[in-house]
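Chemist: Structure incoming, see below.
Just so it is clear, none of the values below were taken in a lab; they were calculated from the coordinates. Note that this is a predicted model, so its numbers are computed, not measured. Note that we place each Cβ from the backbone using ideal geometry, even for glycine, and neighbour counts take in every protein chain shown.
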Amino acid sequence: MIEYLLFATFVGLLFHGIHRKVIARAQGRPGPPIWQEILHVLKFSFKETWIPKTASQTLFVAVVFVAIGIWGAALYLLLSGGSLLLLFGIYLIHKIVEHGMGLSSGSPYGKFGAIRSVISAASELPLLATVVAIYFFTHSLSIADIAAYQQVHGPLLVIAFPAAAAMYLVILSKMHYGPFSIIEAKEIVSGNMTEHFGVWRAGLEVGYALKTYVLLYAFVLLFIGQLPLALTLLLMLLILVSLSFVCAVTPMLSPYDTVTIQTLVTGALVVYIIVLGVVMG
Amino acid sequence: MKKQTALIIGLSAGGISVAAGLLAGVGYLPVWAAELLAVVAFPVFVIFIALWWNAKSGEEDIPFIGY
């Protein structure tokens, strides 16, 4: 059991390192080594650790445990082929984690990050539309059924490309250094993570590594299908590199622009779903 | 919290995760229950092992009692 979590954490951290490397190379910089994020977690775990006096102590610590726990649960959900709605629910809990992380902090920058996390809740809309679009084809929200459907009818990436594009935007919204990373923008220091340092930051990095692994794995499972592990990892890497290129060439958007883009994509997907409903009866 | 307490909690959580996996493997525990135990125990394992190796083990452990 724990081996899955350790493997996903390791690969997720490695993916974060590759993400930073690709962004750097695309921008003409050498960039850090790809194992930098693994070293980061180790470094943070050795740094002095305490809870700021002005922080809400229970929430400050609890969000770290919850961040790791929910994405661990999401990994098992994917492995067992559970319900897509549960994955959507976990994604919503992650929003609460982001919000709670900033609000529990005594720092005004952390609170700004928390407020921005509420604004960026618009990133959930494309995911909800994706779930509906997938259901139109598969008539099931079970991840196992969706994978089985693709074995018979071919990848949903081809059949339901707009839904795949919306899910891609959802993953992009959660990537570090991306156009939608407004909650950790540099103008608000590290946003909602500003006061989480030392062991707490190391724990958060573990949770975020699991999140990256789960979201990329979910994309492969939902839009390409159940494949051997090596091929799945290769596809996840290719998707990650494409996301990194987008992050490298796109400046960070203003909070209102992120909401506008995510809402427009959701609107386009709703039109697609309505057309599907008319065409497919 | 004492350094040894953090180690005991961290190792216990890791042990619970491993034991849950083994018990599910031989059929003594439903897979969903083993997964639930791992989901709860893994964050505890990560944080408390980090707190353990983060804690000082020299004279720093003696509480500061003022000048």
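Chemist: Quick one: order A:Val131, A:Val41 by neighbouring beta-carbon count within 10 Å, fewest to most.
Modeler: A:Val131, A:Val41
Chemist: For A:Lys111, give me every one of the lysines with a C-alpha distance below 28 angstrom, ignoring sequence neighbours fewer than eight places off in its own chain.
Modeler: A:Lys43, A:Lys47, A:Lys53, A:Lys95, A:Lys174, A:Lys186, A:Lys211
Chemist: Report, as an integer, the average count of C-beta atoms from other chains found within 10 Å of each Cβ along A:69-79.
Modeler: The shielding value for this peptide is 4.
Chemist: Identify the chymotrypsin sites (Phe, Trp or Tyr not before Pro) of region A:12-79 meeting these criteria: DSSP loop state and at most 11 other C-beta atoms within 10 Å of the C-beta.
Modeler: In loop regions of region A:12-79 (DSSP not H, G, I, E or B), the sparsely surrounded chymotrypsin sites (Phe, Trp or Tyr not before Pro) are A:Trp50.
Chemist: In chain A, with Lys and Arg counted as +1 and Asp and Glu as -1 at Cβ, which of these residues, A:Leu204, A:Gly225, A:Val41, has the Cα nearest the positive end of the dipole, that is, farthest along it?
Modeler: Of the options given, the answer is A:Val41.
Chemist: Taking 8 Å as the Cα distance limit and 6 or more residues as the minimum spacing, I'd like the relative contact order of region B:3-55 as a percentage.
Modeler: Relative CO of region B:3-55 lands at 54 percent.
Chemist: How many Cβ atoms of partner chains, on average, are near each residue of A:2-8 if near means within 10 Å of its Cβ?
Modeler: 5
Chemist: Here's a follow-up. Quick check: the angle from helix A:84-104's long axis to the longest principal axis of chain A, C-alpha only, nearest 10 degrees?
Modeler: 20
Chemist: Sticking with this structure for a sec: Tabulate in residue order the Karplus-calculated ³J(HN,Hα) for region A:153-161, using 6.51 cos²θ - 1.76 cosθ + 1.60 with θ = phi - 60°, rounded to whole Hz; enter x for Gly and Pro.
Modeler: Each residue of region A:153-161 in turn: 9, x, x, 5, 4, 8, 5, 10, 4 Hz.
Chemist: Moving on. Taking the Cβ of each residue in A:His153, A:His99, A:His139, A:His196 as the centre, tally the other Cβ atoms inside 10 Å and list the residues starting with the fewest.
Modeler: Listing A:His153, A:His99, A:His139, A:His196 from fewest to most nearby Cβ atoms yields A:His139, A:His153, A:His99, A:His196.
Chemist: Right, here's the next one. Taking the beta-carbon count within 10 Å as an exposure proxy, list A:Ser142, A:Ser104 from fewest neighbours to most.
Modeler: Listing A:Ser142, A:Ser104 from fewest to most nearby Cβ atoms yields A:Ser142, A:Ser104.
Chemist: Would you please classify the overall shape of region A:120-279 from the alpha carbon gyration tensor, given that a ≥ b ≥ c denote the square roots of the eigenvalues, rounded means a/c under 1.5, and beyond that prolate means a/b larger than b/c while oblate covers the rest?
Modeler: oblate
Chemist: Give me a single rounded figure for B:30-42: the average over its residues of other chain Cβ atoms within 10 Å of their Cβ.
Modeler: Counting Cβ atoms of other protein chains within 10 Å of each residue's Cβ and averaging gives 5.
Chemist: Here's something else I'd like to know. So for chain A, averaging the separation of alpha carbon pairs under 8 Å that are six or more residues apart and normalising by length, what relative contact order in percent results?
Modeler: Value for chain A: 30 percent.
Chemist: Taking the Cβ of A:Tyr177 as the center, what net charge do the other residues with Cβ under 13 Å away carry, scoring Lys and Arg +1 and Asp and Glu -1?
Modeler: Net charge around A:Tyr177: +3.
Chemist: What's the magnitude of the charge dipole for region A:2-280 around its Cα centre, counting Lys and Arg as +1 and Asp and Glu as -1 at the beta-carbon? Answer in Debye, nearest 20.
Modeler: Using Cβ point charges on Lys, Arg, Asp and Glu, region A:2-280 gives about 520 debye.
Chemist: Here's something else I'd like to know. Please list 3J(HN,Hα) in residue order for region A:56-65, calculated via the Karplus relation 6.51 cos²θ - 1.76 cosθ + 1.60 where θ = phi - 60°; whole Hz, with x for glycine and proline.
Modeler: Karplus-based 3J(HN,Hα) across region A:56-65 equals 7, 4, 5, 5, 4, 7, 4, 4, 5, 4 Hz.
Chemist: Turning to a different aspect of this structure: Return the long-range amide H neighbours of A:Ser83 (sequence gap of 5 or more, or a different chain), with a cut-off of under 5 Å between placed amide H atoms.
Modeler: A:Ile143
Chemist: May I ask for the net charge around A:Gln36, where only other residues with Cβ less than 9 Å from the Cβ of A:Gln36 are counted and Lys, Arg are +1 while Asp, Glu are -1?
Modeler: +1
Chemist: Another one. Provide the FRET efficiency to the nearest 0.05 for the A:Ala26-B:Leu11 pair, computing r from the beta carbons and using R0 = 51 Å.
Modeler: E(calc), rounded to 0.05, equals 0.75.
Chemist: Which residue, A:Phe65, A:Ala185, B:Met1, has the largest displacement toward the positive end of the dipole of the protein assembly as shown when charges sit on each Cβ (Lys, Arg +1; Asp, Glu -1)?
Modeler: The listed residue farthest towards the positive side: A:Ala185.
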